[in-house]
Amino acid sequence: MTTTPALMILLTSSSSETLTLKSCKVTGSSSASSLDLPKTINRGTYGGLGFPSSATPYNVEWTYTPDGGSTLLTFNTVLNGPTGLTVTPSETGKNASAWQLGEGPSLSKEGWLIRYYYAPKS
């Protein structure tokens, strides 16, 4: 059986605006059904976050908002097999054009380590 690796997460914000967690969902995993993310993030990096390996492919998606839900900053991460990874960031809503999202993945024997970036556009 092929195992899908663990996901180790770093959330980095370069904005002085507080981002509030709007939603977080996990689908398809054989090992866990939820992910505990910080309720709010400010400028800085938040680590010690992650999701265990799974016997099945899985999808983790979360959304933060800087303005109570008018603007949604979403990362959708799909892990499939030993090296399959797709990360899709999206900014939608009222002030979406003011934000830029990005990610920096690296694969190690422990799993995928991904830094997810939230930045205001200059």
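The values are calculated or read from the model by the stated rules, or taken from the named source; none is laboratory data. Please read all numbers here as calculations on a predicted model, not as lab measurements. Virtual Cβ from ideal backbone geometry, glycine too; neighbours counted across all protein chains shown. To get the accessible areas, we keep the full protein, side chains included, count just its heavy atoms, and leave off ligands, DNA and RNA. Shrake-Rupley method; radii C 1.70, N 1.55, O 1.52, S 1.80 Å.
Taking strands (runs of 3 or more DSSP E) that do not extend beyond the range 11-94, which have at least 1 residues that are open to solvent by less than 60 Å² (accessible area, probe 1.4 Å) and in contact with an Asp or Glu (Cβ under 6 Å, 6 or more places away or on another chain)? Walk me through it before giving the result.
Values: elements: 19-27, 44-51, 58-65, 71-80, 84-93.
Here the list reads 71-80, 84-93.
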Checklist entry - Is there any pair with a first residue in the range 37-54 that is under 17 Å from LEU113 (Cα atoms) and a second that is among the small types (Gly, Ala, Ser) and not in a loop (DSSP other than H, G, I, E, B) whose Cβ atoms are under 9 Å apart and which are 6 or more apart or on different chains, and what are they? => result THR45/SER13; TYR46/SER13; GLY50/GLY111; PHE51/GLY111; PRO52/GLY111; SER53/GLY111
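If we keep just the residues of the range 95-111 that are loosely packed, with under 13 Cβ neighbours inside 10 Å and polar (S, T, N, Q), which is farthest from SER122 (Cα to Cα)? Steps first, please.
To start, the set of residues in the range 95-111 that are loosely packed, with under 13 Cβ neighbours inside 10 Å comprises 97, 104, 106, 108-110.
Still in the running and polar (S, T, N, Q): 97, 106, 108.
On the way: SER97: 11, SER106: 27, SER108: 33 Å.
Here the answer is SER108.
Which of the residues that make up the range 49-66 are small (Gly, Ala, Ser) and over 17 Å from THR86 (Cα atoms)? So that I can check it myself, show each step before the final result.
First, pick out the residues of the range 49-66 that are small (Gly, Ala, Ser): 50, 53-55.
ALA55, the sole residue that qualifies.
State all residues of the range 112-122 that are within 23 Å of THR18 (Cβ to Cβ) and either open to solvent by less than 50 Å² (accessible area, probe 1.4 Å) or free of Cβ contacts under 8 Å to residues at least 40 places away in the same chain (or both); if no residue qualifies, say none. Working first, answer last.
Filtering the range 112-122 for residues within 23 Å of THR18 (Cβ to Cβ) gives 114-122.
ILE114, TYR116, TYR118, ALA119, LYS121, SER122, listed by residue number.
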